[in-house]
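The values are calculated or read from the model by the stated rules, or taken from the named source; none is laboratory data. Values in this document were obtained by computation on a predicted structure and should not be read as measured data. Here the Cβ is made from the backbone with ideal geometry for all residues, glycine too, and neighbour counts use every protein chain on show. Areas reflect the complete protein model, heavy atoms only, side chains present, ligands, DNA and RNA absent. Shrake-Rupley method; radii C 1.70, N 1.55, O 1.52, S 1.80 Å.
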Amino acid sequence: MLPLVKICGLKTPETVDAAIRHGATHIGLVHYEPSPRHVDLKTAAELRKRAGPHVKVALLLVNASQQLTGDALGMVRPDVIQFHGSETPEWLAVVKRLAPAEIWKAVGLKDAGTLERIQQYRGIADRILFDAPAAALPGGTGTRFDWSLLKNHRHIMDWGIAGGLTPANVAQAIAETGAPLVDVSSGVESAPGVKDVDKIAAFLKAVGR
């Protein structure tokens, strides 16, 4: 079975259309002002509407307040909420009870100890997204983690990988980790926050979509 593919950090109708046209199963919209991929909630709602039923839409939040989380859910109505900060299992559990959406938690995979610590999200997060350890900004840094950490790991939750994936290395990443979902952002850009339609197409082709 082919892995699911999320193209994250989309900001324009053209790139949303390209991701869908070339076979993405998920698109990601970033609502986090320091990020070069940030979109305001009005734009996120418009892009979410444009995507229609063709793909699942994930809204990425980073340590958002209760007020902002509620506003974002109400305006955008995403299929997935992707928490990409230091959110606690307790907070995710609250959102899970109230939101009609999947809950994903991004985790910087530093060492084998990280794989133990994610057990705290069991039964709360619907998917763990393994990413490169956090830098100045969470996600979209173009750096990868050590894929060998996931070799032969027995996963207790649905999961996926992100961090430093490109059209050139995604097939290798899937082969080494067995990832059921791959998530790309900077790897399909021509500049920070600027998605490249040709790179989106190449990434999805490399996955086999």
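What to note about this one:
- Each of Arg209, Arg154 has its accessible area taken with a 1.4 Å probe; listed largest first, they run Arg154, Arg209.
- Out-of-range pairs (alpha-carbon distance over 27 Å; input Lys11/Lys151; Lys49/Lys151; Lys96/Lys151; Lys49/Lys105; Lys105/Lys195): Lys11/Lys151; Lys49/Lys151; Lys96/Lys151
- For Ala64, nonlocal amide neighbours, meaning residues 5 or more places apart or on other chains whose placed amide H falls under 5 Å from its own, do not occur.
- Packing order of peptides 197-203, 109-115, 146-152, highest average first: 197-203, 109-115, 146-152 (average count of other Cβ atoms within 10 Å over each peptide's residues).
- Largest-first ordering by accessible area, 1.4 Å probe, given options His84, His54, His22: His54, His22, His84
- Note on the chain: with neighbouring protein chains present and a 1.4 Å probe, carbon and sulfur make up 52 percent of its accessible heavy-atom surface.
- Diffusion coefficient (Stokes-Einstein, Kirkwood radius over C-alpha pairs, 4 °C, 1.567 mPa s) for the range 57-209: 80 µm²/s, rounded to a whole number.
- The phi-based Karplus calculation (6.51 cos²θ - 1.76 cosθ + 1.60; θ = phi - 60°) puts the 3J(HN,Hα) values of the range 103-108 at 10, 10, 10, 7, 9, x Hz, whole numbers, x for Gly and Pro.
- Fraction of C-alpha pairs exceeding 25 angstrom in the range 1-107: 15 percent, rounded to a whole number.
- In order along the range 143-151, the phi-based Karplus estimate (6.51 cos²θ - 1.76 cosθ + 1.60, θ = phi - 60°) of 3J(HN,Hα) comes to 9, 10, 9, 7, 4, 5, 4, 9, 5 Hz; Gly and Pro are listed as x.
- Phi-based couplings in Hz for the range 93-101 (Karplus 6.51, -1.76, 1.60; Gly and Pro marked x): 5, 4, 5, 4, 5, 9, 9, x, 8
- Per residue, the chain exposes an accessible area of 46 Å² to a 1.4 Å probe, with every protein chain left in place.
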